[in-house]
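Take a look at the structure set out below.
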Amino acid sequence: MSIYLHFRAVAESEIRDDQTWLAAFMSEAWDNHADEYAAGVAKSINKVWNSVDGLYAAAGVLEADTDEPWTLPIYGGRPVAHSADADPSDPPLMILEPSGVSQAADFLARVSFDELWHVAGAGLGGLGQDESQVRQEFLDYHRDLQTFYGRAAAAGHAVVKAVWA
C-alpha cells in the first residue's frame, strides 16, 4: 500500500480555512499531480517522509537553533481541524503559512545534506538496502524540497499538506 505526504503551494488568499473545502482542493490537486509537479507547485513523498524528517532532525545536533527550523519542511504547519460535517475519509491536513515557508526555504538552502547524512544517514536505510542508493534517494528528496520550498517562498505562497493513503 502506498501512502503519500502531498505538498501544494498556493497563495494564502486562495485558501479557505475549512477542512471540507481544503480536502476537496487537495483532492483536485492530487488528481492533477503530474501537471502541478511539472509547474513546480506540488511535491509528494511516498512512505518515507518520517525518515526525511529524521534526516532534517540531525540539524538539531549540528546547529544551536532553538526554533527548530528542521521541523518545517515535513511537519511544519497548523493542523486543520475536521468539521462536524467532514467526510471521515478526508486526509489529515496542515497549512504552513508564508512566513513558515520562507523559514523552511532558508533552512533547506543553508543546511548541508552531507553533514545531515553523516549524522543521520546510517539509521535511514532499511535492511538489505544499498547505502548509496538510499543516500541518493534522500538527496533527491532534499533537492526536490529545496526547489519546491524555494519557489513557494519566492512567490510568497503558503504550503498545504495532505496525507493520502
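Screening the stretch 1-28 for residues that are aliphatic (A, V, I, L, M) and in contact with a helix residue (DSSP H, G or I) (Cβ under 6 Å, 6 or more places away or on another chain) and picking the one that is farthest from Lys161 (Cα to Cα) gives Ala9. In the condition set (1) of a type in the set (A, V, I, L, M); (2) within 14 Å of the chain's Cα centre (by Cα); (3) part of a loop (DSSP other than H, G, I, E, B), Val101 is compliant with all but (3). Could you please tell me which pairs satisfy a Cβ distance under 9 Å, a separation of 6+ or placement on different chains, a first residue in the stretch 111-132 that is farther than 19 Å from Thr71 by Cα and modelled with pLDDT under 85, and a second residue that is exposed (fewer than 12 other Cβ atoms within 10 Å of the Cβ) and not aliphatic (A, V, I, L, M)? Listed pairs, sorted by first residue: Gly125/Gln133.
Rundown of residues vs (1) hydroxyl-bearing (Ser, Thr, Tyr); (2) within 17 Å of Glu36 (Cβ to Cβ), yes/no style:
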site: Ser132; (1), (2): yes, no
site: Gln136; (1), (2): no, no
site: Asp140; (1), (2): no, no
site: Leu145; (1), (2): no, yes
site: Phe148; (1), (2): no, yes
site: His157; (1), (2): no, yes
site: Ala162; (1), (2): no, yes
site: Ala165; (1), (2): no, no
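Look at Ile74 and say whether it is closer than 14 Å to Val163 by Cβ, at pLDDT 95 or above and in a helix (DSSP H, G or I). So Ile74 fits the description; yes.
In the stretch 59-66, is there at least one residue being surrounded by fewer than 20 Cβ atoms within 10 Å (Cβ to Cβ), touching a strand residue (DSSP E or B) at 6+ places or on another chain (Cβ under 8 Å) and hydrophobic (A, V, I, L, M, F, W, C)? Within the stretch 59-66, not a single residue is surrounded by fewer than 20 Cβ atoms within 10 Å (Cβ to Cβ), touching a strand residue (DSSP E or B) at 6+ places or on another chain (Cβ under 8 Å) and hydrophobic (A, V, I, L, M, F, W, C).
The residues listed here are Val159, Val111, Val163; of these, the one that is in contact with a His (Cβ under 9 Å, 6 or more places away or on another chain) and surrounded by 17 or more Cβ atoms within 10 Å (Cβ to Cβ) is Val111.
The helices (runs of 4 or more DSSP H) falling completely within the stretch 1-71 that include 3 or more residues that are touching a residue at least 24 places away in the same chain (Cβ under 8 Å) and under 21 Å from Pro88 (Cβ atoms) map to 19-31.
Here is a yes/no grid of residues against (1) within 15 Å of the chain's Cα centre (by Cα); (2) at pLDDT below 95:
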{"position": "Ile3", "(1), (2)": "yes, yes"}
{"position": "Glu12", "(1), (2)": "no, no"}
{"position": "Phe25", "(1), (2)": "no, no"}
{"position": "Ser44", "(1), (2)": "yes, no"}
{"position": "His82", "(1), (2)": "no, yes"}
{"position": "Ala86", "(1), (2)": "no, yes"}
{"position": "Ile95", "(1), (2)": "yes, no"}
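Could you list, in sequence order, all residues of the stretch 114-138 that are in contact with a Gly (Cβ under 8 Å, 6 or more places away or on another chain), part of a helix (DSSP H, G or I) and surrounded by 14 or more Cβ atoms within 10 Å (Cβ to Cβ)?
The answer is Ala120, Val134, Arg135, Phe138.
The values are calculated or read from the model by the stated rules, or taken from the named source; none is laboratory data. It should be emphasised that the depicted structure is a prediction, and the values quoted were computed from it without experimental measurement. A quick note on method: Cβ atoms are made from the backbone with ideal geometry, for glycine too, and the neighbour counts reach across all protein chains shown.
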